[in-house]
1. Work out, step by step, the length gained on full extension between Gln111 and Leu13: first 0.36 nm times the residue separation, then minus their alpha carbon distance; give nm to one decimal.
2. With 10 angstrom as the radius, rank Ser27, Ser121 by how many other C-beta atoms surround their C-beta, starting from the fewest.
3. Among Ile76, Ile7, what is the fewest-to-most ranking by other Cβ atoms within 10 Å?
4. When Val148, Val79, Val10 are ordered from fewest to most other Cβ atoms inside 10 Å of their Cβ, what list results?
5. Using the Cα centre as the reference, give the magnitude of the dipole from point charges on the C-beta atoms of region 19-112 (Lys, Arg: +1; Asp, Glu: -1; all else neutral), rounded to the nearest 20 debye.
6. Applying a 10 Å radius around every beta-carbon, put 54-61, 13-20 in order of their mean neighbour count, most first.
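We did not get these values from a lab; they are worked out from the coordinates using the rules stated. Note that the coordinates shown come from a computational prediction; the quantities given were computed from them, not determined experimentally. With ideal geometry, Cβ positions are generated from the backbone for all residues, glycine too; neighbour counts draw on all protein chains shown.
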Amino acid sequence: MHAADTILIVLLLANFFILGTANLRASIRVVAMQGVLLAILPLFVETKATPRLMLVVGATAAIKGALIPGLLLKAIRDVHIRHEVEPYLGFIPSLFLCAIGTGFALLFADQLPLAPADHGSLFVPAAFATVLAGFLVSTTRRKAISQVTGYLMLENGVYVFGLLLYESMAVEVGVLLDLLVGIFVMGIVLNHIQREFSSLDTERLSRLRD
């Protein structure tokens with residue numbers, strides 16, 4: 001499990017990087033890196049490389065690590081934005097909240113009724129901390145693309161938790177497909193926001209009327 005713990009530590013560090021950067025392109029690429037790392041994580045959870053396992057790994061890497069980040073990078077090029085400006089909650093307070101949440105997740109994860117094999121592992125605290133980081137990005141950033149990035153992080157946290165229930169990974173595949181559909185819908189929304197307001201600042205949505 002040493003390799004798995006290393007991947008989860010990198011995942012946690014990536015959360016802090018995304019919360020602390022205003023560079024949208026960099027945050028998307030780091031989320032893509034998270035996707036690739038999470039795609040190979042099941043290889044260190046299961047001892048036998050079954051066809052089902054390899055299918056899950058390949059599909060997850062393609063969707064999380066390439067397809068969805070590629071769509072977001074294309075959206076950035078199309079709307080000509082590069083940075084998150086003046087988020088609702090500053091970068092430093094966001095990092096502070098993430099640090100507190102990660103600390104609580106590490107301290108109290110073992111208090112949950114987990115299987116004996118899962119006690120002491122980083123899967124549960126990493127899952128909770130990543131969900132929290134994704135929630136912070138989704139709710140404190142103004143740019144719609146940043147909010148989509150936060151949604152991807154949140155789903156990454158759900159994915160980590162789902163690895164504890166690997167036999168139910170069919171549910172996770174359904175989540176990935178729903179996420180893909182959501183990204184296409186968000187692309188349409190981004191296009192309309194840019195066309196109407198020449199901006200991706202979601203605060204301007206308050207101007208919309210029925």
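1. 32.9 nm
2. Ser121, Ser27
3. Going from sparsest to densest Cβ surroundings: Ile76, Ile7.
4. Fewest-to-most ranking of Val148, Val79, Val10: Val10, Val79, Val148.
5. Roughly 400 debye, rounded to the nearest 20.
6. Numbers: 54-61: 16.2, 13-20: 19.5.
The densest-packed peptide leads the list: 13-20, 54-61.
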